[in-house]
């Protein structure tokens with residue numbers, strides 16, 4: 001009863017595992033971690049991840065999957081915005097990654113208070129988060145777009161810093177509103193719309209009267225936040241960067 | 001959609017081990033090539049990968065089984081235990097039994113059989129004094145399983161952990177033991193068990209021939225070997241639907257429920273790769289050879 005050693009199923013079947021052996025050519029893994037999916041699978045994933053993300057808000061991986069499977073229109077848009085901007089274009093060429101291993105934490109700590117680097121570090125420490133916990137993309141079928149969404153995820157914490165919002169539910173919803181206006185990603189729109197469901201009425205009031213209008217106005221006024229090479233601007237004061245981008249001061 | 005195949009074999013015979021094909025791949029370590037889902041890997045790699053798959057899925061294994069088979073796997077397992085029809089005093093070895101589904105069903109079954117036995121016994125003892133009835137009842141109460149025992153053996157520590165937690169949660173303690181072991185090399189003496197079961201496990205074994213040899217070894221003469229496994233769907237329309245469901249829906253369920261696409265991709269591929277003739281070849285493992293002349297092997301096949 002020895003098993004047949006090689007596969008005999010037709011190739012090109014959607015949704016297979018990653019390519020590891022040389023025999024498995026015809027397998028379209030575009031970047032490490034890529035899982036090619038059929039349109040049906042993407043639709044199922046989008047629906048499933050939306051439900052799961054609402055049901056269990058701690059499933060950040062589901063929010064990520066939702067973003068990837070629904071971003072097919074917004075992501076190329078974002079990529080084009082980046083291409084047409086000199087700084088954004090450079091980012092696309094150089095593909096910087098924000099990771100604890102690449103951040104010079106000591107240097108950032110030594111920067112004066114109010115500078116982007118110092119405030120970013122303060123934000124990471126206060127909220128006990130790390131840039132390394134961002135999920136790598138899996139279901140985006142274009143290698144450049146995969147980088148774009150990866151960049152968006154890594155820049156999310158910097159959004160918190162720029163907007164001065166903490167990582168509690170209220171803060172996250174505000175950032176989502178801002179990002180929804182800026183990027184047009186359906187996942188941000190859904191997050192912005194459904195996130196408040198879990199908030200108390202008092203917080204909802206603050207959200208509706210002050211924070212969301214401010215976030216929307218800033219989002220509309222600001223230039224594309226993905227076009228900023230943050231790693232080269234650690235010394236720049238947050239206030240000055242806000243002004244440059246067009247983000248109004250937080251209420 | 002999947003046929004459950006049960007095979008009862010036990011023969012006194014010489015077993016011959018088929019020679020493993022060894023093909024050196026360009027520059028890589030020589031080793032027999034095997035399938036891992038739809039990929040081709042060496043034997044060692046396959047064992048490792050499968051170990052990792054089950055390590056990853058262990059916590060959500062039961063939830064995923066229910067979602068993937070829409071709960072039907074429970075029916076199949078019930079049928080297996082019914083076909084086994086164990087009587088109190090049976091010693092069962094459940095291999096690849098990780099989360100304990102077969103073991104718990106076995107215990108329930110034996111318990112109910114035992115209860116009926118006791119009831120019948122009491123009915124026949126109409127002339128006993130109250131004292132005598134009380135004493136006999138006490139004696140039997142502590143033997144609710146009638147000395148039946150089940151040993152759950154699995155190669156994967158995580159699966160056993162989940163199984164033990166389940167047992168605690170559901171209140172199973174008596175007659176149950178958990179052993180970490182490899183189906184290809186069981187840590188048990190010869191001629192020990194009355195029944196050997198392996199439910200949805202044998203397609204994950206890398207050397208099925210060795211597993212069958214071991215099964216033969218640890219079973220008592222007259223013992224039974226029961227294997228529950230997926231087989232291929234012959235109806236073309238059903239087959240297309242089944243393929244669609246397996247390849248399109250199940251990995252998505254794996255990602256959404258367990259956060260693990262790849263393990264479930266492997267699981268559906270491994271079902272396709274498990275050749276049906278393996279089951280038909282069980283007979284040859286348990287028979288033939290120069291000394292063999294006592295061949296009792298019957299293949300039960302029930303389609304669902």
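The values are calculated or read from the model by the stated rules, or taken from the named source; none is laboratory data. Fair warning: this is a prediction, and the values are worked out from it, not measured in the lab. Cβ coordinates were reconstructed from backbone atoms using ideal geometry, including for glycine residues, and neighbour counts include every protein chain displayed.
At pLDDT below 50, away from every other protein chain (no Cβ under 14 Å) and closer than 18 Å to residue B:203 by Cα: does that describe residue B:4? It is true that residue B:4 is at pLDDT below 50, away from every other protein chain (no Cβ under 14 Å) and closer than 18 Å to residue B:203 by Cα. Among the residues of segment A:55-72, those that are surrounded by fewer than 16 Cβ atoms within 10 Å (Cβ to Cβ) and assigned to a helix (DSSP H, G or I) comprise A:55, A:60. Considering (1) touching a helix residue (DSSP H, G or I) at 6+ places or on another chain (Cβ under 7 Å); (2) modelled with pLDDT under 85; (3) surrounded by fewer than 18 Cβ atoms within 10 Å (Cβ to Cβ), the lone condition that residue A:154 does not fulfil carries the number (2).
For first residues located in segment A:57-80 and away from chain B (no Cβ under 14 Å), partners that are part of a helix (DSSP H, G or I) and surrounded by fewer than 15 Cβ atoms within 10 Å (Cβ to Cβ) and lie 6+ apart or on another chain with Cβ distances below 8 Å form the pairs A:57/A:198. Can you tell which of A:140, A:148 is in contact with a helix residue (DSSP H, G or I) (Cβ under 6 Å, 6 or more places away or on another chain) and not in a helix (DSSP H, G or I)? Just one listed residue meets the conditions, A:140.
So that you can scan it fast, the table gives a plain yes or no per residue for (1) assigned to a loop (DSSP other than H, G, I, E, B); (2) closer than 25 Å to residue B:58 by Cα; (3) modelled with pLDDT under 90:
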{"position": "B:173", "(1), (2), (3)": "yes, yes, yes"}
{"position": "B:197", "(1), (2), (3)": "no, yes, no"}
{"position": "B:209", "(1), (2), (3)": "no, no, yes"}
{"position": "B:237", "(1), (2), (3)": "no, no, yes"}
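In this structure, is residue A:236 under 20 Å from the mean Cα position of the chain (by Cα) and modelled with pLDDT of 85 or more? So residue A:236 does not fit the description; no. For segment A:199-238, the tally of residues that are assigned to a helix (DSSP H, G or I) and surrounded by 13 or more Cβ atoms within 10 Å (Cβ to Cβ) stands at 20. A single member of B:38, B:54 is modelled with pLDDT under 85 and in contact with a helix residue (DSSP H, G or I) (Cβ under 6 Å, 6 or more places away or on another chain), and it is B:38.
Looking at B:43, B:48, B:55, just one residue is within 22 Å of residue B:153 (Cβ to Cβ), without any contact (Cβ under 8 Å) to a residue 24 or more places away in the chain and more than 17 Å from the chain's Cα centre (by Cα), and that residue is B:48. Residues in segment B:217-241 that are more than 22 Å from residue B:78 (Cβ to Cβ) and within 13 Å of another protein chain (Cβ to nearest Cβ): 3 in all.
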